[in-house]
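To keep things clear, I will list the structure first and then write my remarks on it.
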Amino acid sequence: MLDLHVHSTASDGLLAPPDLIEEAVAAGLEGMALTDHDTVSGIGAAQEYTRLHHPDFWFIPGIEMNTDVGPHEVHILGYFIDPANEVLLNRLEEIRQARIQRNWKMVKKLNTMGYRISTERVVELAQGGIVGRPHIAQALVEKGYVFSVKEAFDKLIGQGKPAYVPRYKFLPEEAVQLIKGAGGVAVLAHPGLIGNEELVDKILSLDIEGIEVYYPEHSEEDTCRYLEIARRRGLIVTGGSDYHGAPEEYRGKLGCCGVSRVTAKLLEKRSSKSNTVQNIKLRRAAGRNIQGKRELRDLT
C-alpha cells in the first residue's frame, strides 16, 4: 500500500522528509507521496534519501495546494509533479510571502488579546519549513494557553475564531493549471471537509483527474458517495492519511488510508512530464473549463 497524503517539516508536519521515509518503511508501506502545503522544498531531500537508503521504496513527488472559494477551503493535490518547474516555483514564492504576512497578523492579534507568543519562537517551531497555523498553535500550547493544537484552532485561530486572518485568495482552477503545467496529476483532496456538495461537483469539472475517497475523516457514507462520483465521472480513486507526524493532533496515523500500487501506476500514467500532448490537452481544457470557472467565481 502507498500513502498519498503526507506532510513534513517543509510545511506544517513535525518530521523531516528523511524521517518520514523511515517511518513509512517501518510501517510496511510500499511507497509514499510527499504533499506539503504550497511548497516542493522537501522533495529533493526525500528523493535523495530514498535513492541512497531505500531504493525499492516508491517515493512520489507531490504537493497540496490550499485554495479558497468563498468561505470554503478547497485543497488540490498534485502527484508526479516536476519540483523544478519555474512557473510553479515562482507562484509558490508569491504564496509563501502572502502566508508570512498572514501569520504575523495572527500573532499580532493574539498578542493584543493577551497571548504572549513571539514570531521568533513560531519560526523556530517551523524548523526551517513554511510557517503555518499549526506552528502558532504549538507556540500557544508551549506557553500553556491551550492544552492542544486542536484546542488552539477551535478557540483562537480556526476559521471564524477571534485571531483568524483570511488567507491570500488563490482559486482551485489556478492550482489545477499549475499542477498540470508542472507535468502532474490534479486530485481533489478530502472533499468531505469542504462542506458543500454543489461546490465539490463544480470543482470536479476543472480537469481534475482524481478524488481522494479514502480519508480518515470521511464517514462510511462519504466514502460510498465519492466512490460513486468517481465511477460516474471516470476519476481515479485515491486515498491518504494526511499525516503530520502527530496522529493525536492531526488527521490520522501514517498508512491508515492508502491505495494500491495499481492506483499509483494509474496516476503515473496520467502524468505528462510537461510533454507536447499535455500542452494540447491544457489548451483544450481551458476552453472546456470557462463555464466552470465562471460558476466558481459566482460563489466567491
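The values are calculated or read from the model by the stated rules, or taken from the named source; none is laboratory data. None of the values given here were measured: they were computed from a predicted structure. Cβ placement follows ideal geometry from the backbone for every residue including glycine, while neighbour counts extend to all protein chains displayed.
Can you confirm whether the range 25-40 contains a residue that is touching a Gly at 6+ places or on another chain (Cβ under 8 Å), in a helix (DSSP H, G or I) and not aliphatic (A, V, I, L, M)?
no
If you go through the range 42-88, how many residues are of a type in the set (A, V, I, L, M, F, W, C), within 30 Å of I203 (Cα to Cα) and not in a strand (DSSP E or B)?
The number of residues fulfilling the criteria is 6.
Whether any residue in the range 50-65 is charged (D, E, K, R) and surrounded by fewer than 16 Cβ atoms within 10 Å (Cβ to Cβ) is what I want to check.
yes
Does L140 satisfy being over 21 Å from T35 (Cβ atoms), out of contact with any Pro (no Cβ under 6 Å at 6 or more places or on another chain), touching a residue at least 12 places away in the same chain (Cβ under 8 Å) and of a type in the set (A, V, I, L, M)?
yes
Are there any pairs, at least 6 apart or on different chains, whose C-beta atoms fall under 6 Å, with the first in the range 99-118 and surrounded by 14 or more Cβ atoms within 10 Å (Cβ to Cβ) and the second of a type in the set (S, T, Y) and at pLDDT 95 or above, and if so, which?
Going by the 6 Å Cβ cut-off, the qualifying pairs are Y115/Y145.
If you take the residues of the range 190-209 that are in a loop (DSSP other than H, G, I, E, B) and touching a Gly at 6+ places or on another chain (Cβ under 8 Å), which of them is surrounded by the fewest Cβ atoms within 10 Å (Cβ to Cβ)?
Selected residue: S205.
Is one or more of the residues making up the range 98-110 modelled with pLDDT of 95 or more, in the same structural domain as G240 (by TED's automatic domain parsing) and of a type in the set (D, E, K, R)?
No, the range 98-110 contains no residue that is modelled with pLDDT of 95 or more, in the same structural domain as G240 (by TED's automatic domain parsing) and of a type in the set (D, E, K, R).
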